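All of the numbers you see were taken from the coordinates with simple rules; none came from a lab. Since the model is a prediction, treat every value here as computed from it, not as a measurement. Ideal geometry is used to build each Cβ from the backbone, glycine not excepted, and the neighbour counts take in all protein chains shown.
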Amino acid sequence: MSDLPVALPDPLALRLAAALDVEGKIPRALDALGPLADRDVAWVGDETGKLVERLTELGARVRPVALGDTVGRARTPKPWADALVSAWSAFRGFDPGEMAEGDRIVRPGGRLLIVHDYGRDDVSRLSAGGPERPEYGLWSRRDGPFLAHGFKVRVVHCWWTFDSVDAARAFLGEAFGEAGRGFGEALSRPRLSYNVAIYHRTIGGTGGDG
């Protein structure tokens, strides 16, 4: 599934999709920063994930795009989207080529919204690479690749929520091995804190509301 922060086999990915942000804070934050409701939204990835489903439920007209797709570029030579949304998989830092793609797809005055992990939470303790991952420090700094290039950042505090502590422990053990089992043993509630950063800017501008 393309809109998950962790690459997992399908059965585990489905379980994480059901647990991640059940409150719907991420799509609501994206809509607040867009807005996206009743707008044309370019989505980096396929259209099978839950986040796409939730954006559609909010009224966004979501269309998947592939950055660097020369065939798609020829078919749509003019900007057509009111916003471009990328969740975890692309825009991993400031890439001039990807930014040019955003300028090509999004109409002037439209919004570029990029979702990445923020850290300072339970989930980051399980992630490969630990606290050294750039998501957890460099990317949210003023001299980092986003904020130094006109982006602002909105941090969304959400959860991975499971049906029970036992269900959470079972998932963590299967998904993260020994680290997950050790973390699960200390759980007293069926959820893990999870923070995401939404880096946002206006196409042709230097940011939007904080």
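What is the dipole size for the chain, taken about its Cα centre, with +1 at each Lys and Arg Cβ and -1 at each Asp and Glu Cβ, in debye to the nearest 20?
Details: 27 positive and 29 negative charges, 117 e Å.
About 560 debye.
Straight-line reach from residue 78: which lysines have a Cα under 28 Å away, not including same-chain ones fewer than 8 places off?
Within reach: 152.
Obtain the nm distance between the two label points defined at residue 181 and residue 143 by a simple spin-label model: each point lies 7 Å from its Cα along the Cα-to-C-beta direction.
So the label points at residue 181 and residue 143 sit 4.3 nm apart.
Going by how many other beta carbons lie within 10 Å of each one, how would you line up 48, 202, fewest first? Numbers along the way, then the final one.
Details: 48 12, 202 18.
Exposure proxy ranking, most exposed first: 48, 202.
So if I place +1 on the C-beta of Lys and Arg and -1 on the C-beta of Asp and Glu, and nothing else carries charge, what would the dipole magnitude of segment 92-182 be about its Cα centre? I want it in debye, nearest 20.
Values: 13 positive and 14 negative charges, 90 e Å.
The calculation lands at about 440 debye.
For segment 10-64, state what percent of all Cα-Cα pairs lands in each successive 10 Å bin, counting from 0 Å until the bin that includes the largest distance.
24, 54, 21, 2
Can you pull the percent of Cα pairs in segment 20-126 with separation above 19 Å? List each step's numbers first, then the result.
On the way: 2468 of 5671 pairs.
Cα-Cα pairs of segment 20-126 separated by over 19 Å account for 44 percent.
For the chain, what's the relative contact order in percent, using C-alpha pairs closer than 8 Å and at least 6 residues apart? Each step should come with its number before you reach the end.
On the way: 393 pairs, mean separation 48.1, N = 210.
Once divided by the residue count of the chain, the mean separation gives 23 percent.
Find the centroid of the Cα atoms in segment 151-174 and in segment 5-68, then give the distance between the two in whole Å.
Going from one Cα centre to the other spans 16 Å.
Considering only 186, 32, 167, give the residue with the highest GNM mean-square fluctuation for the chain, with springs between Cα atoms whenever their separation is below 10 Å.
Of 186, 32, 167, the Gaussian network model singles out 186 as fluctuating most.
With no solvent and one equal point scatterer placed on each C-alpha of segment 127-180, evaluate the Debye formula and give log10 I(q)/I(0) for q = 0.19, 0.20 Å⁻¹, two decimals.
Result of the Debye calculation: -0.80, -0.83.
Which FRET efficiency value, to the nearest 0.05, is calculated for residue 80 and residue 125 with the Förster distance at 30 angstrom and r the Cβ-Cβ distance?
Efficiency computed from Cβ-Cβ geometry: 0.15.
Kirkwood Rh, Cα Rg: Rg to Rh for the chain? List each step's numbers first, then the result.
Details: Rg = 17.4 Å, Rh = 17.7 Å.
Over the Cα atoms of the chain, Rg/Rh equals 0.98.
With charges only on Cβ, +1 for K and R and -1 for D and E, what is the dipole size of segment 3-63 about its Cα centre, in debye, rounded to 20? Show your work: numbers first, answer last.
Values: 8 positive and 11 negative charges, 21 e Å.
The calculated dipole for segment 3-63 is roughly 100 debye.
Evaluate the distance, in nm, between pseudo-label points positioned 7 Å from the Cα of residue 163 and of residue 12 along their respective Cα→Cβ axes.
Distance between the two pseudo-spin positions: 2.0 nm.
Using 18 Å as the cut-off for backbone N distance, which residues of segment 80-105 belong to the label zone defined by a point 7 Å from the Cα of residue 63 along Cα→Cβ?
Answer for segment 80-105: 80-86, 101-105.
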